[in-house]
Amino acid sequence: MLELKTVLEVALKNRRELYVPPPPRYYLQLINEIESLGWDKLVYIDTEFSTIKLKAEDSGSRVHLITIKLKPKYPVDAPDCLVDFPVPFTVPWTPQGSLIYIHSQFLAALESLKEFWDIMDEIDEKTWVLEPEKPTRGATVRRIAIGNNVSINIDVDPRHPKVLPECCFLGADHVVTPLRNKLNSNMHSWNPECTVLQNLKEVLEIDFPAPSAHEISNLNMECGICYAYRLDSAIPDQVCDDSRCGQPFHQACLIEWLRGLPSCRQSFNVIFGECPYCSKPITVKMSSKKS
């Protein structure tokens, strides 16, 4: 009996409180605020008037959304604001705050990120972006095709988008090494007045394949094991280093293939074996991702 009493006490303590709707003045205030802001900026409002989505356009004609989660004691309690930004977004709040104030802060934040989005849009429009497949506004990383089975992964700083980004080349050593050497030799000529794409072309002394001039299948990169390009959103990122082969593979496919070989051996998180195509030595490092 004592155990049943304890279970009931815990259940009553942890049960969800019944929803109590805000007073009428809450709804009246929201309607007045939306009226002042403009109904054209309202994208969505739920039946309880607790979740609101507003839109805004930056000076680059890009449309952005902000989701506002209101609390029953709004505007005394600060609402939660959700945005697709590459940096944190916070709204300083007082009980005098309003949707108009939130929207103005949202617009100011959009303009502070305009240069970053201009740079990322140029990359997306003028190069073959391999990953992410559908970049969000908050994504700072792009994997860009350079040629057959070789690409560069860049991570752009949204607060300083014109400085040299973090760069990582992906591909066979005999192709990647000259590119890495050019980057190291020419990075002193990086011009902060130019865009990231313009600088990469100058520093690496290359022209990136344009989407309109190539088929994606010509630049990569079907996996030599599963014969697919995307596998659970991953694209081939392991390449045979033999210059006469250069066949790409998904990491997961290559790990599974090598583990099936009698000659396979493993040292810590690195698996050693032979390339499925040319039988030359090949290695693959296991990451924390599920393989």
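Brief remarks on what is shown
- Accessible area of the chain belonging to carbon and sulfur atoms, whole % at 1.4 Å probe: 53
- Estimated at 0.36 nm per residue, the fully extended path between Tyr227 and Trp39 surpasses their Cα-Cα distance by 62.6 nm.
- Within the chain, helix-based [θ] at 222 nm, where runs of 4 or more DSSP H residues each add -39,500 (n - 2.57), nearest 500: -9500 deg cm²/dmol
- The chain, relative contact order [Cα under 8 Å, separation at least 6], %: 10
- At most 10 other Cβ within 10 Å, DSSP loop - GluC sites (Glu not before Pro), region 123-198: Glu133, Glu193
- Nearby aspartates and glutamates by direct alpha-carbon distance to Lys69 (threshold 13 angstrom, same-chain neighbours under 8 apart not counted): Asp46, Glu48, Asp77, Asp80
- Spacing of the modelled spin labels on Asn32 and Asn269, each 7 Å from Cα toward Cβ, amounts to 5.8 nm.
- In degrees, nearest ten, helix 173-186 long axis to first principal axis of the chain (Cα): 70
- Under 13 Å from the Cα of Lys280 - aspartates and glutamates, other chains or at least 8 residues apart: Asp241, Asp242
- Mean accessible surface per residue for the chain, computed with a 1.4 Å probe while every protein chain stays in place, in Å²: 59
- Förster radius 41 Å - calculated FRET efficiency between Thr47 and Arg259, Cβ distance, rounded to 0.05: 0.15
- Three-way shape label, the chain, alpha-carbon gyration tensor, a/c 1.5: oblate
The values are calculated or read from the model by the stated rules, or taken from the named source; none is laboratory data. Predicted model only: the values in this text are computed from it and were never measured. Virtual Cβ from ideal backbone geometry, glycine too; neighbours counted across all protein chains shown. Quick note on the areas: whole protein, heavy atoms, side chains included, nothing else; ligands and nucleic acids left out. Shrake-Rupley method; radii C 1.70, N 1.55, O 1.52, S 1.80 Å.
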